[in-house]
Amino acid sequence: MAYQSKHKKSRETQLVIEVSLDGLTLREFDKIVSERYGAVCGIDEAGRGPVAGAVFAAAVILDPNNPIEGLNDSKKLTPKKREALFPIIKEKALTYCISSASVEEIDETDILSADLLAMKRAFEGLKSAAGIVLVDGDVLPDIVLDGALKNVIGGDAKSEAVAAASILAKVERDRYMCEMAEKYPGYGFEKHKGYGTKAHYEAIEKLGLCPIHRRTFLKKYITENGQTD
């Protein structure tokens, strides 16, 4: 059965902090949140924009007594730095889970629904409870918990837990796309990771679509018989 997202955006889902955030580090932000709500779980995704490949999400609860240096929004880190932090996060976190939603699930619903489904799966794979779940963005996945569930726009640049989740999701997806590059050579997945670059579209023109291309993103390349033009 296809997963159906409610796709609801509301100011009520946004986390509100009654103190100034100016100058706060990501760790200080999470400390303020945890003092009010308890253990902080961060959730973020990777792969919403590409035209090929699954979408990934990660959920992380960090150990405040075992800090990790260098955590930041994955987009602000080099691939080498993300790769270096990946095993450290997995080792030092109280609990984490990385999950995904397939290309088929993306095409059966829509990318946001699939994105939220991957987040839900990641959360459900955690081994300890959270007092609050912080989700990057402005829409919440269908998560049931005893604590609070809040959005934080730009959360991967504000919350240490969300930043850690963003790194796990990004690295895992990049590795997956490199595996897909070996399985489906010629598209350059190891370079553009499925994004719609000029080189990627030129490869599609030459080779046609492969099984991990998102058909709903690439309708102009599909004819009535399912082949590329």
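FYI, it's all coordinate maths here, none of it is from the lab. Treat the numbers as computed from the prediction; the structure is a model and nothing was measured. Neighbour counts are summed over all protein chains in view; Cβ atoms, including those assigned to glycine, are modelled from backbone coordinates with ideal geometry.
Considering only Pro64, Ile204, Ala118, the residue lying farthest towards the positive end of the dipole of the chain is Ile204, judged by Cα position with unit charges set on Cβ. Computed extension gain for Tyr184 through Lys80, at 0.36 nm per residue and net of the alpha carbon distance, reaches 35.0 nm.
The charge dipole of the chain, taken about its Cα centre with unit charges on the Cβ of Lys, Arg, Asp and Glu (plus for the first two, minus for the last two), comes to roughly 320 debye. The stretch between Leu218 and Val16 holds 68.8 nm of extra length on full extension. This uses 0.36 nm per residue minus the Cα-Cα distance. Taking other C-beta atoms within 10 angstrom as a stand-in for reagent exposure, Ile222, Ile212, Ile17 fall in the order Ile17, Ile222, Ile212, fewest first. From most to least packed by mean Cβ count within 10 Å, the peptides 75-85, 92-102 give 92-102, 75-85.
Projecting the Cα atoms of Leu149, Ser100, Tyr221 onto the dipole axis of the chain, where Lys and Arg carry +1 and Asp and Glu carry -1 at the beta carbon, places Tyr221 farthest toward the positive end. For the stretch 148-168 versus the stretch 71-94, the spacing of their alpha-carbon centroids is 13 Å. Amide H contacts of Arg214: Ala52, Gly53, each under 5 Å away and 5 or more positions distant or on a separate chain (H built 1.01 Å from N in the peptide plane; Pro and chain starts excluded). Between amide H atoms placed 1.01 Å from N, distances below 5 Å from Gly147 occur with no residue 5 or more places distant or on a separate chain. Given their separation in residues at 0.36 nm each and the Cα-Cα distance between them, Lys31 and Glu69 gain 12.2 nm when the chain is fully extended.
Backbone amide hydrogens, once placed in the peptide plane, bring Ser100 within less than 5 Å of Ala57, excluding anything fewer than 5 places away on its chain.
Suppose a student asked you for the relative contact order of the chain, using Cα pairs under 8 Å spaced at least 6 residues apart; what percent would you report? Worked out over the chain, it gives 28 percent. Exposure proxy shown here: for Asp115, Asp110, the number of other Cβ atoms within 10 Å sets the order, fewest to most, as Asp110, Asp115.
Just list whichever of Lys80/Lys120; Lys92/Lys127; Lys75/Lys193; Lys31/Lys150 have alpha carbons separated by over 21 Å in the model shown. From the list (Lys80/Lys120; Lys92/Lys127; Lys75/Lys193; Lys31/Lys150), the Cα-Cα distance tops 21 Å for Lys80/Lys120.
What is the stretch 59-111's relative contact order, in percent, from Cα pairs under 8 angstrom and six or more apart in sequence? If you can, show how the numbers build up before the last one.
On the way: 29 pairs, mean separation 28.4, N = 53.
Relative contact order here is 54 percent.
Where a ≥ b ≥ c are the square roots of the eigenvalues of the C-alpha gyration tensor, would you call the stretch 43-153 rounded, which needs a/c under 1.5, or, failing that, prolate if a/b is larger than b/c, or oblate? Oblate, since a/c reaches 1.5 and b/c is not below a/b. Helix content alone sets the calculated 222 nm mean residue ellipticity of the chain: runs of n ≥ 4 DSSP H residues at -39500 (n - 2.57) each, divided across all residues, give -11500 deg cm²/dmol. In the set [x] 19.0, 63; [y] 21.2, 69; [z] 18.3, 58, which value of Rg and Dmax of the Cα atoms in Å was calculated from the structure you see? Checked against the structure: label [z].
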